[in-house]
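Take a look at the structure set out below.
Any read-out appearing in this document is the output of simple, stated calculations on the displayed coordinates, not a laboratory observation. Since this is a predicted model, take the numbers as computed values, not measurements. Using ideal geometry, Cβ is built from the backbone for each residue, glycine included, and neighbour counts are taken over all protein chains shown.
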Amino acid sequence: MSNEQLRYCHKIVTINTAYFSSLNLAHAVMIVCYEIFMASRDPDTPSLPRLANSFELEGMYGHLRDVLMKIGFINPQNPEHWMMNIRRFLSRLPLRAREVKIIRGVCRQLDWYTEQVEKRAKEKTGSEDMTL
């Protein structure tokens, strides 16, 4: 198209071509119509769930580190040694936000359970002290 004709266009579309520096107008219109058609179709595949962002992942790793130290799985003197292995393991597949929430739910439950065990142990030792 000439510059004079382009002046009347509301939108300008560039179609990248591999071997030809230009397309004839009919081919260009056909490509644009095809792209409009494809964009207007209902997607055949459902949209993928949202992947966890770095803020969510770091929160999960911190929570996991704290719980694993609390239950004695990780040495508190060098927690990052084991956490690096856990990070590598969990990063093999991109984690979805929902999966991070599930892992954090497991951590919360482990936290709750260990608190209950500690509470019972204190109550037990406290009642034994009273009987002496």
* To do: At a Cα cut-off below 28 Å, give the lysines reachable from K70, other chains included and same-chain residues fewer than 8 away excluded.
  => K101, K119, K122, K124
* Asked: When H27, H63 are ordered from fewest to most other Cβ atoms inside 10 Å of their Cβ, what list results?
  -> H27, H63
* **Vicinal HN-Hα couplings computed from phi for segment 25-31 (Karplus, 6.51 cos²θ - 1.76 cosθ + 1.60; Hz; Gly/Pro x)** => 4, 4, 5, 4, 4, 4, 5
* Using r as the Cβ-Cβ distance of L51 and A121, and R0 as 30 Å, what FRET efficiency do you calculate, to the nearest 0.05? -> 0.15
* **Pair F73, R108: separation of 7 Å Cα→Cβ label points (nm)** => 1.8
* **Compactness of the chain - radius of gyration and Dmax, Cα, Å** => 29.9, 103
* Asked: Residues with beta-carbon under 15 Å from that of Q116, excluding Q116: net charge, scoring Lys, Arg +1 and Asp, Glu -1?
  -> +2
* Which length gain, in nm to one decimal place, applies between R96 and E4 when the Cα-Cα distance is subtracted from 0.36 nm times their residue separation? -> 28.0 nm
* Asked: In debye to the nearest 20, how big a dipole does segment 54-131 give about its Cα centre with +1 on each Lys and Arg Cβ and -1 on each Asp and Glu Cβ?
  -> 440
* Asked: Efficiency by 1/(1 + (r/R0)^6): what FRET value for H81 and E35, r their Cβ-Cβ distance, R0 = 35 Å, to the nearest 0.05?
  -> 0.10
